[in-house]
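Input: a single structure, listed below in structure tokens.
Nothing in this text is a laboratory measurement; each read-out follows from the coordinates by a stated rule. These figures come from a predicted structure and were not determined experimentally. Methodologically, a virtual Cβ is constructed for each residue, glycine included, from the backbone with ideal geometry; neighbour enumeration extends over all protein chains shown.
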Amino acid sequence: MRLIILGAPGAGKGTQAEVLSKKLDIPTISTGEIIRNAIRQGTDLGKEAKQYIDRGLLVPDDVVIEIVKDRLTQDDCKNGFILDGFPRTVPQADALTKMGVTIDKVLSIEVAEEKIVERISGRRQCSKCGATYHIVYKPSKEENICDLCGGELIMRQDDAPETVKNRLKVYHEQTEPLKDYYQSKGLLVVAYGQEEVADTTKEVLKALGVV
Ligand SMILES: [Zn+2]
């Protein structure tokens, strides 16, 4: 299945993508994760992207499109993939079509805005290996210590409250129009985020028709 996951920041896209990736045996392509890795490694791409992300802005289309193009040509994408974080704008969606990429379904995960702020403020990420946690939904065994590598867990700069407000505004203005865009192509399915991750997963599988 070639799938796009949409949803506001904090809607649980990444978590559901992980579950679907295992269940369907296809890779998740998270442009955010690719970019954050580049930032940690201090590459040119990372340095360029950081200037935008720290201000709650989107990384420019041409940069992101190059990343996706490169990733989709890799072998593990042959049987499908899950795109998380791309496309984020209608021009990016058009670019995807121009690349000759066929999409089977577009899943939108819907969550109330006040829930989103609560969720994001609990996110933590390992400063060494990049593993993600949540103080309520996915806590590490030892507080602030990564289960995998023992690294220190930190709050991402772009999860800070002021930045989150900006990200939500940007989402409404630039990404939400994609729902209409894919609805008109008959590709959109909707799942409503629940309190428990497992319950959201049930909604997601139902929406996708995957049992
Ligand atoms: Zn770690």
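³J(HN,Hα) across segment 83-89 via Karplus (A = 6.51, B = -1.76, C = 1.60, θ = phi - 60°), whole Hz, x for Gly/Pro?
Each residue of segment 83-89 in turn: 8, 10, x, 8, x, 10, 9 Hz.
Which residue, GLY14, GLY186, GLY85, tops the fluctuation ranking in a GNM of the chain built on C-alpha contacts under 10 Å?
GLY186
Tell me, what is the FRET efficiency for THR102 and VAL189 to the nearest 0.05, using R0 = 22 angstrom and their Cβ-Cβ distance as r?
According to the calculation, E is roughly 0.85.
Rounded to whole Å, give me the distance from the Cα center of segment 116-149 to that of segment 18-60.
17 Å
Could you give the length gained on full extension between GLU33 and ILE154, defined as 0.36 nm per residue of separation minus the Cα-Cα distance, in nm?
42.0 nm
Applying 1/(1 + (r/R0)^6) with R0 = 45 Å to the Cβ-Cβ distance of ASP44 and LYS206, what FRET efficiency is obtained, to the nearest 0.05?
Result of the calculation: an efficiency of 0.55.
For the chain, what is the Kirkwood hydrodynamic radius in Å, using each pair of distinct C-alpha atoms?
One over the average 1/r among Cα pairs gives 17.6 Å for the chain.
Under 1.5 on a/c is rounded, so check that first for segment 74-124, then, if it is not, pick prolate when a/b is larger than b/c and oblate when it is not; a ≥ b ≥ c are the square roots of the alpha carbon gyration tensor eigenvalues.
prolate
So, R0 is 35 Å and r is the distance between the beta-carbons of GLN174 and LYS128; what FRET efficiency does that work out to, to 0.05?
0.60
How big is the Kirkwood radius of segment 1-112, worked out from every pair of different alpha carbons and given in Å to one decimal?
Answer for segment 1-112: a Kirkwood hydrodynamic radius of 14.5 Å.
Going 7 Å from the Cα of GLN74 toward and past its Cβ, which residues in segment 128-146 have a backbone nitrogen under 20 Å from where you end up?
128-132
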